[in-house]
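Asker: Below: one structure in structure tokens.
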Amino acid sequence: MKLSVLDQSPIIHGHSAAQALQETLALARRADELGFHRYWLAEHHAIAALADPCPEVLLARLGAETKRIRIGSGGVLLPYYSAFKVAEVFRMLEALYPGRVDLGIGRAPGGDQRTARAVGGGQFPAADDFPQRVWELVGHLDGNLPDDHPAKRVRLQPEGPGAPQVWLLGSSDYSGVLAAQLGLRFAFAHFINAQGGDTVMRYFKDQFQPSAREDRPHTLLCCSVSCGETDADGERMAKVVDLRRLEMAYNLDTPVPTLEMAEARRYTEPELAHIRSQRPRLISGSAATCKAKLEDLAAQYQADEIMILTITGDYAARTASYERLAKAFGLPGA
């Protein structure tokens, strides 16, 4: 089982965005040493808890900080951007780090409507033409747009033999269906939606149409994990995620709480009910417990690869969580 990392560059209470970005670089270097397969960055806008609005910029630095691990976006929010420009950016990354670049594409706006309009230059990014944008993006990367396409003879630079892997990301059936139709790779966000994803994955594999890029379906399952020294320690770490998700439900734009803040918080019964309702989206416990749960999910979802998102109340605990998982799964550098 391949094991990978999704990093949202969390800003923990008491730290700055600049510190969060430095922690992303440090964790990427450690993940590279441990033997994780790929390292993805996510695009978010105007969120106090997350520091990365432009993963393509941070990826340029990330590639220079690492040696072996694949790097990519999880993902670029394509409705905001020109398909041609995104193709240029990721062809540049591929030229810098050949054979190591992934282009993960998201459809959601990644923020509230006011923020979405600001990012979109005053227009709310409609997703109605998302399939067309994805098709054009892949056509630009592979140089196989039809002759009657207006951009057919536009030179895409930097030119070269390689191209990034393309993944469609989703937490519902929409992107799974589209990925199957276009013959692209598909990643499902269990950490966003823990219900029905196994059905989406099976549909994707059953309906997959081979393409010039992929002769068979490839799937990735992204899970939120709090891995402690013991089951009790993992459960304690998970309190940070509980409080973070409750604050999100209240539309509170706050940094990620520390563990001390999470342990000091007292909850009403309705709040506890909400926390319990969100727990299926989180795996917590010791390394052995988390490994068993992840393997069960991988089998249920028919996933070829597991990607781990870990949010904790301090950066050292986050690194330690990934180190425990690397050891439990027998990664070569653990």
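The values are calculated or read from the model by the stated rules, or taken from the named source; none is laboratory data. All figures in this text were calculated on a predicted structure; none of them were measured in a lab. Backbone-built Cβ (ideal geometry, glycine too); neighbour counts: all protein chains shown. When the accessible area is computed, the model is the full protein with side chains, heavy atoms only, and any ligands, DNA or RNA have been set aside. Shrake-Rupley method; radii C 1.70, N 1.55, O 1.52, S 1.80 Å.
Asker: Mind listing which trypsin sites (Lys or Arg not before Pro) in the range 9-82 are in a DSSP loop and have 16 or fewer other Cβ atoms within 10 Å?
Answerer: On the way: sites: Arg29, Arg30, Arg38, Arg61, Lys67, Arg68, Arg70; in loops: Lys67, Arg68.
Sparse-neighbourhood loop trypsin sites (Lys or Arg not before Pro): Lys67, Arg68.
Asker: Suppose the chain between Ala46 and Thr254 were pulled fully straight at 0.36 nm per residue; how much longer would it get relative to their current alpha carbon spacing? Working shown, then result.
Answerer: On the way: separation 208, 0.36 × 208 = 74.88 nm, distance 1.09 nm.
Stretched out fully, the Ala46 to Thr254 stretch lengthens by 73.8 nm.
Asker: Under a Cβ-only charge scheme (Lys and Arg +1, Asp and Glu -1), can you give me the dipole magnitude of the range 168-262 about the Cα centre, in debye to the nearest 20? Could the numbers behind the result be given before it?
Answerer: Working: 9 positive and 13 negative charges, 85 e Å.
Here the range 168-262 has a charge dipole of around 400 debye.
Asker: Moving to a separate point now. Suppose each label sits 7 Å from its Cα in the direction of the beta carbon; what would the Glu271-Glu65 distance come out to in nanometres?
Answerer: Reported label-point gap for Glu271 and Glu65 is 3.4 nm.
Asker: What's the FRET efficiency of Lys293 with Cys54 using the Cβ-Cβ distance as r and R₀ = 45 Å, to the nearest 0.05?
Answerer: 0.85
Asker: Rounded to the nearest 10 degrees, what's the angle between the helix 269-278 long axis and the longest principal axis of the chain, both from Cα atoms, 0 to 90?
Answerer: Its long axis makes an angle of about 40 degrees.
Asker: Roughly how many Å² of Ser175 are accessible to a 1.4 Å probe, to the nearest 10?
Answerer: That residue has around 10 Å² of solvent-accessible surface.
Asker: Could you please state how large a percent of the accessible area of the range 53-206 is carbon and sulfur, counting protein chains only and using a 1.4 Å probe?
Answerer: Details: 3600 of 7000 Å².
Taking all protein chains in place, the range 53-206 shows 51 percent carbon and sulfur surface.
Asker: Name the residue farthest towards the positive end of the dipole of the chain from the options Gly333, Leu178, Ala118, assuming +1 on Cβ of Lys and Arg, -1 on Cβ of Asp and Glu, about the Cα centre.
Answerer: Value computed over the given set: Gly333.
Asker: Per residue of the chain, what 222 nm ellipticity follows from adding -39500 (n - 2.57) for every DSSP H run with n ≥ 4, rounded to the nearest 500? Kindly include the intermediate steps, with their values, before the conclusion.
Answerer: Details: 12 runs with 148 residues, N = 334.
When only DSSP H runs of four or more count, the value is -14000 deg cm²/dmol.
Asker: Please give the per residue accessible area of the range 1-129, computed with a probe of 1.4 Å over protein heavy atoms only, in Å². Working shown, then result.
Answerer: Numbers: 5140 Å² over 129 residues.
Each residue of the range 1-129 exposes 40 Å² on average to a 1.4 Å probe.
Asker: What ³J(HN,Hα) values, in whole Hz, does the Karplus curve 6.51 cos²θ - 1.76 cosθ + 1.60 give for the range 317-330 when θ = phi - 60°, with x put for Gly and Pro?
Answerer: My calculation for the range 317-330 gives 5, 5, 4, 4, 4, 5, 5, 5, 5, 4, 5, 5, 8, x Hz in order.
Asker: Would you mind classifying the range 264-334 by shape? Square roots of the alpha carbon gyration tensor eigenvalues, ordered a ≥ b ≥ c; an a/c under 1.5 is rounded, otherwise it is prolate if a/b is larger than b/c and oblate if not. Could the numbers behind the result be given before it?
Answerer: Values: a/c = 2.92, a/b = 1.47, b/c = 1.99.
Taking the square roots of the gyration eigenvalues as a ≥ b ≥ c, the range 264-334 is oblate.
Asker: I would also like to ask the following. For the range 10-146, calculate the relative contact order in percent as a whole number, restricting contacts to Cα pairs under 8 Å that are 6 or more residues apart. If you can, show how the numbers build up before the last one.
Answerer: Working: 196 pairs, mean separation 30.0, N = 137.
With pairs under 8 Å counted, the relative contact order is 22 percent.
Asker: Which of Ala273, Pro158, Ala298 sits farthest toward the positive end of the charge dipole of the chain, with +1 on the Cβ of Lys and Arg and -1 on the Cβ of Asp and Glu?
Answerer: Pro158
Asker: Starting from the eigenvalues of the Cα gyration tensor, five times each then square-rooted, give me the equivalent ellipsoid semi-axes of the chain, largest first, whole Å. Display every interim value, and only then the final one.
Answerer: On the way: eigenvalues 206, 93, 81 Å².
Equivalent ellipsoid semi-axes, largest first: 32, 22, 20 Å.
Asker: What does the C-alpha gyration tensor say about the overall shape of the range 17-153? Classify as rounded when a/c is under 1.5, otherwise prolate if a/b is larger than b/c, or oblate. Don't jump to the answer; show the numbers that get you there.
Answerer: Numbers: a/c = 2.63, a/b = 1.24, b/c = 2.12.
Note, shape of the range 17-153 comes out oblate.
Asker: Relative contact order for the chain: what percent, with Cα pairs under 8 Å and sequence separation of 6 or more?
Answerer: Working: 663 pairs, mean separation 64.4, N = 334.
It rounds to 19 percent for the chain.
Asker: With an 8 Å cut-off on Cα pairs and a minimum separation of 6 or more residues, tell me the relative contact order of the range 50-104 in percent. Don't skip to the answer; put the middle values down first.
Answerer: On the way: 45 pairs, mean separation 23.5, N = 55.
Normalised by residue count, the contact order of the range 50-104 is 43 percent.
Asker: In nm, what is the difference between 0.36 nm times the number of residues separating Asp215 and Thr115 and their Cα-Cα distance? Please list the in-between numbers first.
Answerer: On the way: separation 100, 0.36 × 100 = 36.00 nm, distance 3.88 nm.
That pair, Asp215 and Thr115, stretches by 32.1 nm at full extension.
Asker: Not counting ligands, DNA or RNA, and with a 1.4 Å probe, what is Met1's accessible surface area in Å² rounded to the nearest 10?
Answerer: Looks like 110 Å² after rounding.
Asker: Placing unit charges on C-beta atoms (Lys and Arg positive, Asp and Glu negative, everything else neutral), compute the dipole magnitude of the chain about its Cα centre in debye, rounded to 20. Mind dumping the intermediate values first?
Answerer: On the way: 37 positive and 41 negative charges, 56 e Å.
The calculation lands at about 260 debye.
Asker: Mind running the shape call on the range 90-218? Use the C-alpha gyration tensor, a ≥ b ≥ c as the square roots of the eigenvalues: rounded below 1.5 for a/c, prolate if a/b tops b/c, oblate otherwise.
Answerer: Values: a/c = 1.66, a/b = 1.16, b/c = 1.43.
Oblate is the answer for the range 90-218, as a/c is 1.5 or above yet b/c matches or exceeds a/b.
Asker: Tell me the angle of helix 130-142 to the major Cα principal axis of the chain, expressed in degrees between 0 and 90 and rounded to the nearest ten.
Answerer: 70 degrees
Asker: In degrees between 0 and 90, to the nearest 10, how far off the longest principal axis of the chain does helix 17-34 point, with axes built from Cα atoms?
Answerer: 80 degrees
Asker: Given a cut-off of 22 Å, name the pairs among Lys239/Lys327; Lys152/Lys205; Lys85/Lys152; Lys2/Lys291; Lys293/Lys327 whose C-alpha atoms lie farther apart than that in the structure shown. Don't skip to the end; give the middle numbers.
Answerer: Numbers: Lys239/Lys327 24 Å; Lys152/Lys205 31 Å; Lys85/Lys152 14 Å; Lys2/Lys291 12 Å; Lys293/Lys327 16 Å.
Flagged as over cut-off: Lys239/Lys327; Lys152/Lys205.
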